[in-house]
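Notes follow once the structure below has been shown.
None of the figures in this text is laboratory data; all of them are computed from the coordinates on show. These figures come from a predicted structure and were not determined experimentally. All Cβ positions, glycine included, derive from the backbone under ideal geometry; neighbour counts span all protein chains shown.
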Amino acid sequence: MNVTVVGAGVAGLATALELSERGFAVEVIERGRALGDGACSWMAGGMLAPWCERASADEAVLTLGAPSIDWWARRFPGTTHNGSLVLALPRDATELPRFAERTSNYEWLDEAGIGALEPDLAGRFRRALFFRQEAHLDPRRALPALADLLKRQKVAIRFGVDMQATATKADLVVDCRGLAARDVLPDLRGVRGEMVVIRSREVSLSRPVRLLHPRIPLYIVPRGGGVFMIGATTIESETRGGASVRSTVELLNAAYALHPAFGEAEILELGADLRPAFPNNLPAVRRASRSLHVNGLYRHGFLLGPAMARQAADMASAMDLEKTDADLRERRSA
Ligand SMILES: Cc1cc2nc3c(=O)[nH]c(=O)nc-3n(C[C@H](O)[C@H](O)[C@H](O)COP(=O)(O)OP(=O)(O)OC[C@H]3O[C@@H](n4cnc5c(N)ncnc54)[C@H](O)[C@@H]3O)c2cc1C
């Protein structure tokens, strides 16, 4: 079957790759002019943290998300497998055991253990949870890496092409338009997320650090070269536009509380986007005659994108068999 994948966010690129690896003839169309243009995926922190996410997400996020660490490592060498660290300020110390109760696969660290992992945090926190199996990546390097793999497999990505304005002759359309697919998926909603990118010459971290807070838990993801992404708010609002002053202050406060030297850091970017989410906050692949919809990745585009891509490719393979059977029946009756 010929397949057109619509949308070059993480859902579209991961699905196109799975399909092409299974022998489908694939093309990707993307209405943006370049990778990341208009994609929520460009704003993501890139944490592959299924055990931590389980604190506030369904068990499926863990079972579907854990294998994605290998999926990324096999396709993107920049996948960093250094685990993640979870901390709380002294005033929020009770958050740490509460987080531990809701998660698994961690080790408790004392002050010395924290300093051994992250020397710049030595002496600043008494206890931490360390999720050794978790990983992270930079979405702005990971998406181009997937695009390169697609290119090597002769899969074209046609930029500046809007699905609504283009007729396709494909046997199957896989709609990965994120929130833009609301025209056909009316139960999709946007959940606002804001982030800040900073550069610090004084602080160095080797892994994502989560700072627990009763209201606004935040994280800092190192991107290399002194660059850090601080994220992310999760607000039930579909308001577009840049990061608000309140959210920016909260995000920057988290960095400052983690290490006061972040106070000297340079702000490189303030960003915001709407995460596409279904009512249960879990992603799904839905079938509608000759098309599939891969959507609802919410806070977990990089974590659950590979699992959704595999599901979509499984469904496409089943549809391919149905098509072959139907073609055979037609030929026999002719
Ligand atoms: C601040 C923030 C932090 C986050 N952090 C993480 C994280 O640490 N880990 C994680 O796993 N997830 C994270 N997420 C969530 C993740 O970003 C989303 O789940 C994911 O980006 C959704 O991907 P998508 O491919 O479905 O949508 P998108 O990335 O939005 O891609 C959809 C694409 O479709 C294109 N398109 C739309 N309409 C058309 C059309 N008509 N024709 C052609 N193309 C079209 C768009 O231009 C876009 O490129 C974060 C999100 C935010 C906002």
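222 nm [θ] for the chain, helices only, -39500 (n - 2.57) per DSSP H run of 4+, per residue, to 500?
That comes out to -10000 deg cm²/dmol.
Whole-Hz ³J(HN,Hα) for each residue in the stretch 224-239, computed from phi via Karplus 6.51 cos²θ - 1.76 cosθ + 1.60 with θ = phi - 60°, x for glycine and proline: what do you get?
x, x, x, 8, 9, 9, 10, x, 9, 6, 10, 10, 6, 8, 9, 5
Say R0 is 51 Å: what FRET efficiency, to the nearest 0.05, do Glu111 and Asp183 get from their beta-carbon distance?
0.45
As an exercise, use a Förster radius of 22 Å and the Cβ-Cβ distance of Glu330 and Lys154 to find the FRET efficiency, rounded to the nearest 0.05.
Between Glu330 and Lys154 the formula returns 0.15.
Cα convex hull of the stretch 207-330: mean projected area in nm², to one decimal?
10.9 nm²
Among 90-96, 203-209, 224-230, 134-140, how do they line up from the highest to the lowest mean number of other beta-carbon atoms within 10 Å?
Descending packing order for the listed peptides: 134-140, 203-209, 224-230, 90-96.
Please provide three numbers in whole Å: the alpha-carbon extents of the stretch 1-141 along the principal axes, with the largest listed first.
Principal-axis extents of the stretch 1-141 (Cα, largest first): 56, 29, 25 Å.
Relative contact order of the chain, please, whole-number percent, based on alpha carbon pairs below 8 angstrom and at least 6 residues apart.
Rounded, it is 24 percent for the chain.
Run the quick spin-label model on Asp37 and Asp120: label points 7 Å from Cα toward the beta carbon, then report their separation in nm to one decimal.
Each label point is offset 7 Å from its Cα along the Cβ direction, giving 3.4 nm.
With just the Cα atoms defining each centre, how far is the stretch 194-226 from the stretch 100-176? Give it in Å.
The two parts, judged by their Cα centres, are 15 Å apart.
Within the stretch 32-62, whose backbone N sits under 18 Å from a point 7 Å along Cα→Cβ of Arg141?
Residues 36, 42-49 fall inside that zone.
Which value, in debye to the nearest 20, gives the size of the charge dipole of the chain about its Cα centre, when Lys and Arg are +1 and Asp and Glu are -1 at the Cβ?
Dipole of the chain, to the nearest 20 debye: 460 debye.
Could you give the alpha-carbon Rg of the stretch 70-211 over 2.2 N^0.38 Å, rounded to two decimals?
Cα Rg divided by the expected 2.2 N^0.38 Å: 1.45.
Report the extension gain between Tyr256 and Leu321 in nm, rounded to one decimal, defined as 0.36 nm multiplied by the number of residues separating them, less their alpha carbon distance.
Separation in residues times 0.36 nm, less the Cα-Cα distance, equals 17.8 nm.
Which far-off residues, 5 or more places away or on another chain, put their amide H under 5 Å from the one on Glu269, with H placed in the peptide plane?
Excluding prolines and chain starts, which carry no amide H, the hits are Val197.
Using all alpha carbons of the chain, what is the percent of pairwise distances in each 10 Å bin, ordered from the shortest bin to the longest?
Over the chain, the share of Cα pairs per 10 Å bin runs 6, 25, 33, 21, 10, 3, 1, 0, 0 percent.
Taking the dipole about the Cα centre of the chain, with the C-beta of Lys and Arg at +1 and of Asp and Glu at -1, give me whichever of Gly160, Leu268, Gly38 is farthest to the positive side.
Gly160
Set Lys and Arg Cβ to +1 and Asp and Glu Cβ to -1, take the dipole of the stretch 169-301 about its Cα centre, and tell me which of Val285, His213, Val197 lies farthest positive.
Sorting the options by dipole projection puts first Val285.
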